[in-house]
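Written below as structure tokens is the structure these notes are about.
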Amino acid sequence: MAQLQAPETAIGNGTDILCCYVNITSKIQIIRICNIANWYFERVMFPGQRLLFKAPEQSLLEVHTGGTAGAILSDTIPCDRLICDE
């Protein structure tokens, strides 16, 4: 599966970390970071897809899993738990 990297984002504090998230489910997921003011990150993740992205250390990644009635919040992961080596 191809690896994708989100565009460079700068929030000016120099504390961005490189993160990796993998959708290990058999369902489509929407991942987003909502706890950082004036910063937007949201992606659709297909089953088995891997995503590399940079985010502020204090970010929380929300994982919404698709179902028949829509997407539900299934997990919230601190981005410092998703750190990968460059």
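The values are calculated or read from the model by the stated rules, or taken from the named source; none is laboratory data. All values derive from a computational prediction rather than experimental measurement. Don't worry about glycine lacking a Cβ; one is built from the backbone with ideal geometry, like all the others, and counts go over all protein chains shown. Accessible surface is based on the protein model in full, side chains and every heavy atom, while ligands, DNA and RNA are left aside. Shrake-Rupley method; radii C 1.70, N 1.55, O 1.52, S 1.80 Å.
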Report summary line: Extend 7 Å from the Cα of ASN35 along its Cα-to-C-beta direction; within region 48-80, residues with backbone N under 19 Å of that point are 53-65, 73-80
Query raised in the report: Using a probe of 1.4 angstrom, how much of the accessible area of region 31-86 is carbon and sulfur, in percent?
Result: 49 percent
Query - Area accessible to solvent at CYS34, 1.4 Å probe radius, in Å² - result: 80 Å²
**Report entry** Extension gain (nm, one decimal) between ASP80 and LEU52, 0.36 nm per residue minus Cα-Cα
**Finding:** 8.8 nm
Query raised in the report: Rounded to the nearest 0.05, what FRET efficiency is calculated for LEU73 and THR15 with R0 set to 22 Å and r the Cβ-Cβ distance?
Result: 0.30
Query raised in the report: Can you put SER59, SER74 in order of accessible area, largest first, using a 1.4 Å probe?
Result: SER74, SER59
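Determine the sum of side-chain charges near PRO78: Lys and Arg each +1, Asp and Glu each -1, restricted to other residues whose C-beta is under 13 angstrom from that of PRO78.
Its environment carries a net charge of -3.
Excluding LEU61 itself, what net charge comes from residues whose Cβ is under 12 Å from its Cβ, given Lys and Arg +1 and Asp and Glu -1?
Around LEU61, the charge tally is -1.
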